[in-house]
Amino acid sequence: MIAWVVLVALAAPELTISHRRVDTADGVALALYRYRVGAQPNDSCPILLVPDLGFTRSAFDFEGKGLARALAETGRTVYVVELRGQGKSGPADSLEKLGTIDFPRVLEVIGAPHLDVVVQGWAGSIVLAANADDPRLRKVVALNTPLLAEVPSALAERFLLEGGHFSELGSSPEGRTVFDELFALWAELDPHTRSAFLANGTRDLSRPIANELLAWMRTGDLPLPERSLVTRLSSWKKPTLLLLGLADGFAPPEQCAVWRERAPGPIQLRTFSRVETGDDFAHLSILLGRRAPTMVYPRIIGFLEDR
Amino acid sequence: MKAAIAFTLVLTSCANLRVVPLPAEAERHRPKTSDGWEISLVRYRPTGAPTGRPVLLCHGISANERNMDLDDEHSMARWFASRGREAWTMSVRATGDSDRPDPEKGRTLPIRFDHYWQHDLPTAIEHVKRVSGADAIDYAGHSMGGMIAYAYLSQGGNGLHAVATLGSPTRLDWGTGLESLLRTLGPKVVTEEMMFPSRLGASVSAPMQTWFDDGPFQRFFYNPESTKPETWQRLVVYGTADTAGGVAKQLLEVIDTGRFASFDGRIDFRADMARIHVPVIVVAAKLDRVAPTPAVKDGFRALGGPKKWLLITRANGASGEYGHMDLVIGERAPAEVFRPVLDFFNQHEPPRI
């Protein structure tokens, strides 16, 4: 039995992760990571993952586990990008540039004729809205991606008013409570994952980004070139799976679900609740919670595999 | 030994199984609808000088008036009365102490959601107005009780001055696994001509309600962080009502089609809610798994206004997270739900001095 397990392990295709720097036209360095399993992965339609504001690549690959690896194991080439202001990328001074400069540049560097995209939260709304007409985008999975923005709560407002400093949340019980309320409410999350992600998987928002995000929430829309974010997403036509965690306190489901009826394209909606999936899934636990690999990942894989 | 433990458990669980009677000051009224059903109303006169209009309170599906008036400590009705508002609870037909179906007396099945907004609510409103002398009254509806108000007002109903809906959905198609189950099983199990025996299920399950910390009832209906299991158990014992098959079928249609509509499909309540200009405060619970926040927000967006959105969550200052039933029986609901509702009512009409 042991020999069999060893043989299977040795025979399993190896995962390789590579990193490259991508420079944008305005001189910002972005971090792009590639996940491949085996010698001949399917490069014809890779999958690009985009974490939310304040999150990093760790949202999709944390301590050897996560959606990036799960998708790569299906034989697809997977990319995770850190847009400006995220992870190891350069600083951000404008939300719009995430969608109008960074994301198109990453698509150019990847060079695939078609690709699928998995996005989360506010960053997801921006990149999808700014690139809604890009013919290279095939299918989209959107995790708690708001259409009609509002200030989610008094606590979220205070967090942004104070600058969106994730690094300060881990240093006190009050800070950890704020993190839990906004990102891990009632989450089925390993305590180590919670604290280690807060310490290593987040990055402080810059003051301009925190201010702009708050202004977006307060006004309900984000100006983008020619057409606003709401206008652009309201004409969305690509096949999309919209996954909603009820417990998301940062990008609440009630701001996202309305996308299904506003957009003319086929948007499948799947809402998770503790009744059936054992977790209401908050912003973090929908990706790294104990139940994400069995309840969330298969939905994403199934949707992206369905040709 | 095992038998002794089981016996002790049952005894402990049964301690809450008695019905807490209404207090002496509760006045019972039974107005009759135009189609022949007596509707049970309970009136609480205001403590001290009246501070505003009477408030009518209506429960949700499979429930009765005791949802809004469980006992001394868990009673939206008595809380409003103690703040100077004449408070009334109502039971829609075939629930609580309202008339049951009786074909010999012309009270036949099916009962549909449309009966509630076309007959029961208007009858209750007129009765409260007549008895109190008010020209219009305030209203709070929990879950389906809020949907009844939405339907009534969207079709031009009058007599309501300001409204609160608590956990009231206007869409139920959110892609949950439960919907798939209801879509599949519902049409096979539910017929229009039946009364679904929810009370029997409640009676059978009542002794077990306090046995589990994180059982299916906690997950679906309430949050032990906000409601004591013993409080929930009392609600199960005497706050549950049989469910009319016709009502269940109409709500299954809401799940199936995404439309909040009349039984014949001709009236689109959600579309018509844009015509509602009575002030409405829409209250949602962050961890409501019966009427999830997108379902409640859908109704808020449909309203013509003026309107206010209130999300109960720790992130907005609540002391715990709320589920569906916590909005009316939660231990801190008086401060965290009833108070903002009363403030909203008062804001739309300054208290009488």
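The values are calculated or read from the model by the stated rules, or taken from the named source; none is laboratory data. As the structure is a computational prediction, the values presented were derived from the model and not from experiment. Neighbour counts run over all protein chains shown; Cβ positions are idealised from the backbone, glycine included.
Descriptive notes on the structure:
- Test: A:G175 is touching a helix residue (DSSP H, G or I) at 6+ places or on another chain (Cβ under 9 Å), small (G, A, S), within 30 Å of B:G320 (Cβ to Cβ) and modelled with pLDDT of 95 or more: yes
- Residue list for the stretch B:289-317, restricted to those being of a type in the set (G, A, S), surrounded by fewer than 20 Cβ atoms within 10 Å (Cβ to Cβ) and facing chain A (nearest Cβ under 8 Å): B:G317
- Search result, residues across the stretch A:122-144 that are more than 18 Å from A:T219 (Cβ to Cβ), crowded, with 24+ Cβ neighbours inside 10 Å and polar (S, T, N, Q): A:N144
- Each residue in the stretch B:216-233 was checked for being under 16 Å from the mean Cα position of the chain (by Cα) and modelled with pLDDT of 95 or more, and 0 of them qualify.
- From the options B:F260, B:F300, residue that is more than 22 Å from A:S153 (Cα to Cα) and in contact with a strand residue (DSSP E or B) (Cβ under 8 Å, 6 or more places away or on another chain): B:F260
Residue-by-condition table, conditions (1) farther than 30 Å from B:I111 by Cα; (2) basic (K, R):
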site: B:V19; (1), (2): no, no
site: B:W37; (1), (2): no, no
site: B:R53; (1), (2): yes, yes
site: B:M68; (1), (2): no, no
site: B:E73; (1), (2): yes, no
site: B:R83; (1), (2): yes, yes
site: B:T95; (1), (2): no, no
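- Residue list for the stretch A:200-210, filter: touching a helix residue (DSSP H, G or I) at 6+ places or on another chain (Cβ under 8 Å) and either part of a loop (DSSP other than H, G, I, E, B) or surrounded by fewer than 19 Cβ atoms within 10 Å (Cβ to Cβ) (or both): A:N200, A:G201, A:R203, A:D204, A:L205
- Counted as qualifying within the stretch B:99-215 are the helices (runs of 4 or more DSSP H) with 1 or more residues that are modelled with pLDDT of 95 or more and buried (at least 19 other Cβ atoms within 10 Å of the Cβ), namely B:121-132, B:144-154.
- Taken over the stretch A:187-199, residues that are buried (at least 21 other Cβ atoms within 10 Å of the Cβ) and either in a loop (DSSP other than H, G, I, E, B) or within 14 Å of chain B (Cβ to nearest Cβ) (or both) amount to 2.
- Matching residues, the stretch A:1-42, being more than 12 Å from A:A72 (Cβ to Cβ), at pLDDT below 85 and not in a helix (DSSP H, G or I): A:M1, A:A12, A:A39, A:Q40
- The numbered conditions (1) in contact (Cβ under 8 Å) with a residue 24 or more places away in the chain; (2) over 17 Å from the mean Cα position of the chain (by Cα); (3) under 17 Å from B:V42 (Cα atoms) are all true for B:G133 except (1).
- Taking the numbered list (1) more than 22 Å from B:R234 (Cβ to Cβ); (2) among the small types (G, A, S); (3) exposed (fewer than 15 other Cβ atoms within 10 Å of the Cβ) in turn, B:A24 passes all entries but (1).
- Summed over the stretch B:32-50, residues that are under 16 Å from B:G84 (Cα atoms), not in a strand (DSSP E or B) and not aliphatic (A, V, I, L, M) total 5.
- Of all residues in the stretch B:251-288, those that are of a type in the set (G, A, S), away from every other protein chain (no Cβ under 14 Å) and not in a loop (DSSP other than H, G, I, E, B) total 2.
- Boolean, A:I126 is closer than 17 Å to A:R232 by Cβ and either more than 14 Å from the chain's Cα centre (by Cα) or not in a helix (DSSP H, G or I) (or both): no
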